[in-house]
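Just so it is clear, none of the values below were taken in a lab; they were calculated from the coordinates. Everything quoted here is computed from the prediction, not taken from an experiment. Using ideal geometry, Cβ is built from the backbone for each residue, glycine included, and neighbour counts are taken over all protein chains shown.
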Amino acid sequence: MVAPNIKSESPYLVLMADDDPDDIALVADALVECAFASEVRTVPDGHALLEYLQHRGPGPDFNEKLDPDLILLDINMPKRNGIDVLGEIKQTAGLSDITVVILTTSHSESDYVKTAALGADGYITKPNSYRELVDMMRTLHGFRGERRRDLACNFG
């Protein structure tokens, strides 16, 4: 799925892996509001994310596969969870340099520790309000192009 009408000053592709359509819509709206990305693409689970990144898979959203500048990755998804997928991304040549930020409902310290150890570039717990989500996306927008140590300090 491609979220429509997302415009920014420079090309920046966000790929979001999340199985909750409501969360996808809220994040896409927040990204629009803060002009974060020129395009947002979504996949419903970890398996589909890996297929997208490896330029495989059926469907109209796979016709033009572009490498993302940022992956927003949920942890709790069907088929393959985010922790499993993060490990594979960070161990795969050609994918390991993609910025991956965990965006999850999990407040578990062990999830944070696991994702940090696997190379996540940030960890954001989904907020309870849309306003907080927009503020988090604005803050994340300020880190476009930054690497792990900068994001981990701010979202840990």
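For the reader, a short list of remarks on this structure follows.
- Contour excess over end-to-end distance, with Cα ends at ALA93 and HIS141 and 0.36 nm allotted per residue: 14.7 nm
- A protection proxy built from the mean count of other Cβ atoms within 10 Å ranks the segments 108-115, 29-36, most packed first, as 29-36, 108-115.
- Gain on full extension, evaluated as 0.36 nm per residue between HIS55 and ALA35 minus their Cα-Cα distance, stands at 4.5 nm.
- At full extension, SER110 and ALA25 could sit 27.8 nm farther apart than now, given 0.36 nm per residue minus the alpha carbon distance.
- Note on the stretch 87-145: with charges restricted to the Cβ of Lys and Arg (+1) and Asp and Glu (-1), its dipole about the Cα centre is near 160 debye.
- Put simply, the amide H of MET16, placed in the peptide plane, has neighbours under 5 Å in ARG41, THR42, VAL43, LEU72, leaving out anything fewer than 5 places away on its chain.
- Counting neighbouring beta carbons within 10 Å and listing from fewest to most, the residues LEU73, LEU49 come out as LEU73, LEU49.
- Listed from fewest to most Cβ neighbours within 10 Å, the set MET136, MET77 follows the order MET136, MET77.
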